[in-house]
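Participant: The structure is given below, and queries will be raised subsequently.
Since every read-out is calculated from the coordinates, none of them should be taken as a lab result. For clarity, every value in this text was computed on a predicted model and none was experimentally measured. As a convention, Cβ positions derive from the backbone with ideal geometry for all residues, glycine included, and neighbour counts pool all protein chains shown.
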Amino acid sequence: MIERLSKAFHDKFKTEPLIVRSPGRVNIIGEHTDYNEGFVLPAAIDKAIYFAVSKRDDDEVHLHAVDFNEDFKGTLSSIKPVKQHWPNYVLGIIDQMQKKDLPVKGFNAVIDGDVPVGAGLSSSAALECATAFALNELFNFNLSKIEMVQMAQRAEHAFAGVKVGIMDMFASMFGKEEHAIKLDCRSLEYEYVPLHLPNIKIVLLNTNVKHSLSSSEYNVRRQQCEQGVTWIKERYFHVNNLRDATIEMLDECVLQKDTLIYKRCRFIVEEIQRLLSACEDLKKDDIQSLGQKMYATHEGLSNDYEVSCKELDFLVDTVKNNDAVLGARMMGGGFGGCTINLVKEDAIDELIEGVAEKYEREMKLPLTAYIAQIENGTGIARY
Ligand code: GLA
């Protein structure tokens with residue numbers, strides 16, 4: 001991949017680039033908790049975006065995306081969101097840097113990668129982190145990793161219009177080989193939790209569905225959580241987000257007002273608790289209990305938070321009674337993308353074959369499967 005990219009860059013721009021690698025992510029448990037100031041448990045994976053870059057002598061930005069075989073050209077004095085989808089993740093970062101008065105100069109970049117787009121593995125966050133890291137290196141801005149993560153999050157809000165939490169960027173930037181990151185999304189304190197999965201692998205099953213609903217419904221879920229907090233706050237002044245809320249508070253302040261908002265909020269409060277006990281399971285190497293909690297998360301995401309879809313539900317239901325699968329659930333924002341499954345190593349091939357056959361027959365869609373290795377976060381790519 002790096003050789004291919006380096007060659008593509010050289011053919012186009014006739015110089016040697018700096019190449020940055022920024023990975024996609026999985027999330028073991030803790031879904032939709034980041035923007036409620038709860039905890040998440042993501043990890044960076046062996047699928048990544050590669051960003052090759054070099055300086056130009058003028059104030060233009062020339063981009064090329066290998067996968068789409070598309071170009072983009074723009075000027076630094078007029079950075080704004082564009083119709084073409086992918087350049088926005090790069091432009092959004094330039095915009096954030098300009099807002100911080102960082103002197104971004106002209107550059108050429110070629111983008112390549114193997115994070116499947118629209119699979120819920122955060123290819124967009126990986127591209128944003130890759131861009132931030134590469135420009136920080138190229139122009140010696142001296143930004144810290146956390147500053148770059150926060151810029152990436154703001155770039156997504158401003159240039160993609162989705163009010164995402166911080167999980168995806170944080171995981172891409174801070175990932176560590178064979179570890180998950182237990183991130184407190186309020187304080188941004190984090191702890192690396194060893195992922196001891198003896199004879200078990202993380203298998204991702206991609207529905208190959210990307211519902212157009214996902215970004216608008218995402219923002220709606222955020223608002224519903226905020227509404228719940230507003231009602232609780234009328235009685236409990238110290239509650240600023242669902243991280244501070246309890247089920248009793250929801251019963252008292254939200255249930256009579258709106259049962260839908262109650263369901264949404266209750267899922268979040270339960271999910272934050274579930275994540276905390278799942279971390280204890282991991283510490284005790286109790287993968288069986290962790291897996292049960294993943295199934296419970298899926299139930300909640302499907303029935304209460306209502307961000308699943310029939311294809312995701314089908315994949316989880318299909319593996320549920322299979323002894324080789326310790327846990328499974330939909331992963332990420334929802335309405336499509338992948339399920340994450342903890343599968344006994346020696347049963348993986350058979351499982352994938354069986355599920356693919358059923359999925360393709362019933363859902364009339366192809367199934368794609370990946371085994372995710374847990375890798376380091378954003379950095380200079382090694383040749
Ligand atoms: C998307 C968002 C994240 C997070 C997840 C759900 O991936 O980008 O911030 O909210 O959905 O957990």
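Participant: Based on other C-beta atoms within 10 Å, arrange Tyr218, Tyr305 from fewest to most.
Facilitator: Details: Tyr218 19, Tyr305 23.
The order, fewest Cβ neighbours first, is Tyr218, Tyr305.
Participant: In addition: Can you spot the aspartates and glutamates whose alpha carbon is less than 15 Å from Lys310's alpha carbon? Ignore those fewer than 8 places along the same chain.
Facilitator: Counting by Cα, and skipping residues close in sequence, Lys310 has these aspartates and glutamates nearby: Glu299, Glu360, Glu362.
Participant: About its Cα centre, how strong a charge dipole does the stretch 200-372 have in debye, to the nearest 20, once Lys and Arg get +1 and Asp and Glu get -1 at the Cβ? All intermediate terms of the calculation are to be shown ahead of the outcome.
Facilitator: Values: 22 positive and 29 negative charges, 111 e Å.
About 540 debye.
Participant: Determine the calculated [θ] at 222 nm for the chain from helices alone, applying -39500 (n - 2.57) to every DSSP H run no shorter than 4 residues and normalising by the residue count; nearest 500 deg cm²/dmol.
Facilitator: Values: 11 runs with 157 residues, N = 383.
So the helix-based figure for the chain works out to -13500 deg cm²/dmol.
Participant: Based on other C-beta atoms within 10 Å, arrange Ser308, Ser124 from fewest to most. Intermediate values should be presented prior to the final figure.
Facilitator: Details: Ser308 22, Ser124 28.
Final ranking by Cβ density, sparse to dense: Ser308, Ser124.
Participant: Next question. Exposure proxy check: Lys47, Lys99 ranked by fewest other beta carbons within 10 Å?
Facilitator: Values: Lys47 23, Lys99 12.
Fewest to most other Cβ atoms nearby, the residues stand as Lys99, Lys47.
Participant: Also, quick follow-up: Mind checking which lysines have their Cα closer than 19 Å to the Cα of Lys176? Skip sequence neighbours fewer than 8 apart in that chain.
Facilitator: Straight-line reach from Lys176, under 19 Å: Lys47, Lys145, Lys201, Lys283.
Participant: Related question: Using θ = phi - 60° and the Karplus relation 6.51 cos²θ - 1.76 cosθ + 1.60, list the HN-Hα couplings for the stretch 253-266 in order, rounded to whole Hz, with x at every Gly or Pro.
Facilitator: 10, 10, 3, 6, 6, 6, 5, 5, 5, 4, 4, 4, 5, 4
Participant: If you don't mind, there's one more thing I want to ask. In bins 5 Å wide, starting from 0, what share of all Cα pairs of the stretch 165-254 does each bin hold, as a percent?
Facilitator: Bins of 5 Å from zero give 2, 10, 14, 13, 16, 17, 15, 9, 4, 0, 0 percent of pairs.
Participant: Work out, step by step, the length gained on full extension between Ser277 and Asp346: first 0.36 nm times the residue separation, then minus their alpha carbon distance; give nm to one decimal. Numbers along the way, then the final one.
Facilitator: Values: separation 69, 0.36 × 69 = 24.84 nm, distance 2.79 nm.
Contour length minus the Cα-Cα distance gives 22.1 nm.
Participant: So how far, in whole Å, is the C-alpha centre of the stretch 249-278 from the one of the stretch 112-126?
Facilitator: 31 Å
Participant: Contour minus end-to-end for Tyr190 and Gln256, with contour as 0.36 nm per residue of separation and end-to-end as the Cα-Cα distance?
Facilitator: Details: separation 66, 0.36 × 66 = 23.76 nm, distance 3.68 nm.
So the chain would gain 20.1 nm between Tyr190 and Gln256.
Participant: Give me the one-decimal nm value for the distance between modelled label points at Lys99 and Ser216, 7 Å along each residue's Cα-to-Cβ direction.
Facilitator: Rounded to a tenth, the inter-label distance reads 2.5 nm.
Participant: Continuing with the same structure: Per-residue HN-Hα couplings for the stretch 118-134, Karplus 6.51 cos²θ - 1.76 cosθ + 1.60 at θ = phi - 60°, whole Hz, x for Gly and Pro?
Facilitator: x, 9, x, 9, 6, 5, 5, 4, 5, 5, 5, 5, 4, 4, 4, 5, 5
Participant: Describe numerically, in nm with one decimal, the distance between label points set 7 Å from Cα along Cα→Cβ at Glu178 and at Arg56.
Facilitator: The answer from the label model is 4.4 nm.
Participant: Starting from 0.36 nm per residue, how many nanometres of slack lie between Asn303 and Glu234 once their C-alpha separation is accounted for?
Facilitator: So the chain would gain 22.1 nm between Asn303 and Glu234.
Participant: If I model a spin label at Lys73 and Glu362 as a point 7 Å from the Cα along the Cα→Cβ vector, what separation in nanometres do I get?
Facilitator: 5.2 nm
Participant: On average over all directions, what projected area in square nanometres does the chain have, based on the convex hull of its Cα atoms?
Facilitator: 19.3 nm²
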